[in-house]
Structure formats: structure tokens, C-alpha cells
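Participant: Below you will find the structure I want to go over with you.
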């Protein structure tokens, strides 16, 4: 279960690490958050693994999620859904979201 203060920080453009049961960690950018905090609420995380774009949709109330780390959050995003990030490069994403280069 995700804590309420973390839930409020999961928003479009945030750089997150999602820790799943079984020890796997998925690190990427949140593209969308849907349905607020209700039972069916989800958030979509996108990452590039071996030059292939991978997206995962996580239910917020999923027992399979052990922890969510918010690594960075953009100052201001003008859209609630960032689906256009699928089609631009990592350098352009950093420029659009005005975040520093992560290691």
C-alpha cells in the first residue's frame, strides 16, 4: 500500500522507482495518473530498456507494489497526460520537463 503523501507526489513528469514484490525495480517517468485515488486508480510509468520503450500501468492500491520512490518532480507541467514523450528523445524530454540529467 502506498502512503498518502507519496500518492499525492505521483504525478505526470515525476521520475519514480517502483519496487515490486519479488525484488524487481522499475525506474521511469510517470506519463499519466488516472482516476484520482479511487479503487481503480492507476499510474503509467515509461522507461527505455535496451533501446526499447517499455510502459507499465500500476494500480495505486495494488498489494504487489512494496514501495514507490519519487526521485524528482518537475516544477511545472502544462499537461496532465504526457503521451507525447513516447515519440521524442531523452534529451528532448529533459529539456521539456526542465530536469537535470540523471546518472
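We did not get these values from a lab; they are worked out from the coordinates using the rules stated. On a predicted model such as this, the values are computed, not experimentally measured, just so you know. Using ideal geometry, Cβ is built from the backbone for each residue, glycine included, and neighbour counts are taken over all protein chains shown.
Participant: Can you tell which of 53, 28, 13 shows the greatest fluctuation in a Gaussian network model of the chain with Cα springs below 10 Å?
Facilitator: 53
Participant: How far apart, in nm, are two points set 7 Å out from the Cα along the Cα-to-Cβ line at residue 8 and at residue 94?
Facilitator: A separation of 3.1 nm, rounded to one decimal place.
Participant: To continue, here is another question. Testing the spin-label approximation: label points 7 Å from Cα along Cα→Cβ at residue 79 and residue 56. State their distance in nm.
Facilitator: Using points 7 Å along Cα→Cβ, the separation is 2.4 nm.
Participant: While we're looking at this one, here's another question. Using a Gaussian network model on the chain with a 10 Å cutoff between Cα atoms, which of 29, 93, 60 fluctuates the most?
Facilitator: 93
Participant: Once you've got the GNM for the chain with C-alpha springs shorter than 10 Å, pick whichever of 56, 17, 76 has the biggest mean-square fluctuation.
Facilitator: Of 56, 17, 76, the most mobile in the Gaussian network model is 76.
Participant: For the chain, go through all pairs of different Cα atoms, get the mean of 1/r, take its inverse, and jot down that Kirkwood value in Å.
Facilitator: 14.0
Participant: So what is the relative contact order of the range 4-97, in percent, for Cα pairs below 8 Å that sit 6 or more residues apart?
Facilitator: Value for the range 4-97: 31 percent.
Participant: Do the sum for the chain: with -39,500 (n - 2.57) for every DSSP H run of n ≥ 4, divided by all residues, what is the mean residue ellipticity at 222 nm, to the nearest 500 deg cm²/dmol?
Facilitator: -3500 deg cm²/dmol
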